[in-house]
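> One structure, pasted below without further comment.
A short reminder: the numbers here are calculations on the coordinates, not readings from a lab. Note that the structure is a prediction, hence the values are computed from the model and not measured. Cβ placement follows ideal geometry from the backbone for every residue including glycine, while neighbour counts extend to all protein chains displayed.
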Amino acid sequence: MILRRAMVDILPTKIQWRRGKGNLGIAFDHTLQKFGKGLMAEVINHSSDSLSTFIDMADLGKIYERFNQGQASTEDILSLWQAVNLSLWLETRQSSTTGISPKVN
């Protein structure tokens with residue numbers, strides 16, 4: 001909704017509010033494969049204990065294996081992306097309370 005409203009006077013109204021937009025699909029998968037592997041590996045192998053409060057790390061590891069083997073489903077890929085984002089957010093939040101900057105590759 002926010003993005004649609006932000007497009008006022010940029011996109012024609014018919015396009016701005018249409019339903020059935022395309023999904024990220026293959027482009028998202030490809031970009032994650034090409035640019036996100038290192039960050040995902042870092043999160044899975046060296047994440048803080050706070051991440052395991054929210055995510056089953058064993059399951060996440062299995063999903064990451066499928067991703068590396070090219071066998072991940074769309075749901076798997078979104079789960080990885082969400083885990084990485086949660087991890088980064090938790091690190092940022094922790095750094096704001098401790099004064100220690102998060103490590104970002």
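> Which whole-number value in Å³ per residue fits the convex hull of the alpha carbons of the stretch 21-98?
In the stretch 21-98, the Cα hull volume divided by residue count equals 106 Å³.
> Of the listed peptides 25-33, 5-13, 58-66, what is their order by residue-averaged count of other C-beta atoms within 10 Å, with the highest listed first?
58-66, 25-33, 5-13
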